[in-house]
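Engineer: My questions all concern the structure below.
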Amino acid sequence: MGFEFRHRRTVEFCETDMAGIVHFAHFFRWMEAAEHAFLRSLGFSVHASEGGTATGWPRVKASCEYLKPLRFEDEVEAVLVLKEVRNRSVCYGFEFRAVPGGEVVARGEVVAVHAGVTAATGALQAAPIPENLRRLLLERLGSVEEQGR
């Protein structure tokens with residue numbers, strides 16, 4: 001199997017709706033939490049400052065398909081895979097798997113663009129991914145591509 005980054009959590013009561021099922025919006029929060037944990041594991045953050053420019057990763061696309069419900073105190077593992085690394089953007093794929101058993105309960109995708117906000121103008125502009133981070137991302141993407149994924 002190719003590279004996967006796993007981020008496990010337990011469903012909190014506040015994440016459920018009146019039917020006791022996880023509200024759909026939390027899957028997007030969990031995708032973001034897994035992405036942040038993944039970047040931290042590489043020694044980076046989603047928020048940085050370089051030469052007076054604050055950088056971050058705004059989303060330009062996000063989707064999620066829900067297959068099975070999760071409920072309060074269920075354990076779930078968000079599995080992140082790199083689908084594409086470009087000069088200024090990254091596409092992440094996600095599978096949410098029930099623990100134990102590994103049944104897939106949802107699938108998602110996020111495209112994030114590396115961007116900077118200059119202090120002088122406040123303008124948001126796409127920026128190249130720092131080369132040392134891009135290299136690490138491409139190394140992990142390569143391990144996925146080698147496995148035919």
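Engineer: Name the residue, out of VAL85, VAL76, that is farther than 23 Å from GLY142 by Cα and touching a Lys or Arg at 6+ places or on another chain (Cβ under 7 Å). Quick ask: steps written out before the conclusion?
Structural biologist: Values: VAL85 fails: farther than 23 Å from GLY142 by Cα.
The unique qualifying residue is VAL76.
Engineer: Can you tell which of PHE5, PHE44, PHE24, PHE28 is touching a Ser or Thr at 6+ places or on another chain (Cβ under 9 Å) and either closer than 26 Å to LEU124 by Cβ or at pLDDT 95 or above (or both)?
Structural biologist: Details: PHE44 fails: touching a Ser or Thr at 6+ places or on another chain (Cβ under 9 Å); PHE24 fails: touching a Ser or Thr at 6+ places or on another chain (Cβ under 9 Å); PHE28 fails: touching a Ser or Thr at 6+ places or on another chain (Cβ under 9 Å).
Exactly one of PHE5, PHE44, PHE24, PHE28 is touching a Ser or Thr at 6+ places or on another chain (Cβ under 9 Å) and either closer than 26 Å to LEU124 by Cβ or at pLDDT 95 or above (or both), namely PHE5.
Engineer: Further, regarding this structure: If we keep just the residues of the stretch 87-126 that are outside any strand (DSSP E or B) and touching a helix residue (DSSP H, G or I) at 6+ places or on another chain (Cβ under 9 Å), which is nearest to LEU70 (Cα to Cα)?
Structural biologist: Narrowing the stretch 87-126 to residues outside any strand (DSSP E or B): 87-88, 100-103, 114, 119-123.
Cutting the leftovers down to touching a helix residue (DSSP H, G or I) at 6+ places or on another chain (Cβ under 9 Å) gives us 87, 114.
On the way: ASN87: 36, HIS114: 32 Å.
The qualifying residue nearest to LEU70 (Cα to Cα) is HIS114.
Engineer: Right, next: Could you list, in sequence order, the residues of the stretch 127-149 that are of a type in the set (A, V, I, L, M, F, W, C) and either modelled with pLDDT under 95 or surrounded by 16 or more Cβ atoms within 10 Å (Cβ to Cβ) (or both)?
Structural biologist: First, pick out the residues of the stretch 127-149 that are of a type in the set (A, V, I, L, M, F, W, C): 127, 129, 133, 136-138, 141, 144.
Matches in the stretch 127-149: ALA127, ILE129, LEU133, LEU136, LEU137, LEU141, VAL144.
Engineer: Same structure, new question: GLY108 fails exactly one of the following numbered conditions: (1) among the small types (Gly, Ala, Ser); (2) at positive phi; (3) touching a Ser or Thr at 6+ places or on another chain (Cβ under 9 Å). What is the number of that condition?
Structural biologist: (2)
Engineer: I'm checking my understanding of the structure. Among residues of the stretch 55-79 that are in contact with a helix residue (DSSP H, G or I) (Cβ under 9 Å, 6 or more places away or on another chain), more than 29 Å from THR118 (Cα to Cα) and aliphatic (A, V, I, L, M), which one is surrounded by the fewest Cβ atoms within 10 Å (Cβ to Cβ)?
Structural biologist: Step by step, filter the stretch 55-79, then rank; the result is VAL79.
Engineer: When the residues of the stretch 62-79 are narrowed to those that are in a strand (DSSP E or B) and without any contact (Cβ under 8 Å) to a residue 60 or more places away in the chain, which ends up nearest to PRO130 (Cα to Cα)? Even if it seems obvious, please write down each step before you answer.
Structural biologist: Here is the first cut: in the stretch 62-79, the ones in a strand (DSSP E or B) are 62-66, 71, 75-79.
Going one step further and asking which of them are without any contact (Cβ under 8 Å) to a residue 60 or more places away in the chain, we end up with 62-66.
Working: ALA62: 23, SER63: 26, CYS64: 28, GLU65: 31, TYR66: 34 Å.
Going through the qualifying residues, I end up with ALA62.
Engineer: If you don't mind, there's one more thing I want to ask. List pairs: first in the stretch 1-26 and over 28 Å from ARG140 (Cβ atoms) and of a type in the set (Asp, Glu), second modelled with pLDDT of 95 or more and not in a loop (DSSP other than H, G, I, E, B), Cβ under 8 Å, 6+ apart or cross-chain?
Structural biologist: GLU15/VAL22; GLU15/HIS26
Engineer: Scan the stretch 80-105 residue by residue and report those that are loosely packed, with under 13 Cβ neighbours inside 10 Å, over 16 Å from the mean Cα position of the chain (by Cα) and touching a residue at least 40 places away in the same chain (Cβ under 8 Å).
Structural biologist: Correct list: ASN87 only.
Engineer: Restricting to the stretch 1-36, give me the number of residues that are part of a helix (DSSP H, G or I) and surrounded by fewer than 16 Cβ atoms within 10 Å (Cβ to Cβ). Explain how you work it out, then say what you get.
Structural biologist: As a first pass, look at the stretch 1-36 and keep what is part of a helix (DSSP H, G or I): 13-15, 25-36.
Imposing the further condition that a residue be surrounded by fewer than 16 Cβ atoms within 10 Å (Cβ to Cβ) reduces the set to 13-14, 25, 29, 33.
Matching residues across the stretch 1-36 total 5.
The values are calculated or read from the model by the stated rules, or taken from the named source; none is laboratory data. Please read these numbers as outputs of a predicted model, since none were measured by experiment. FYI the Cβ positions are ideal-geometry reconstructions off the backbone, even for glycines, and counts take in every protein chain you see.
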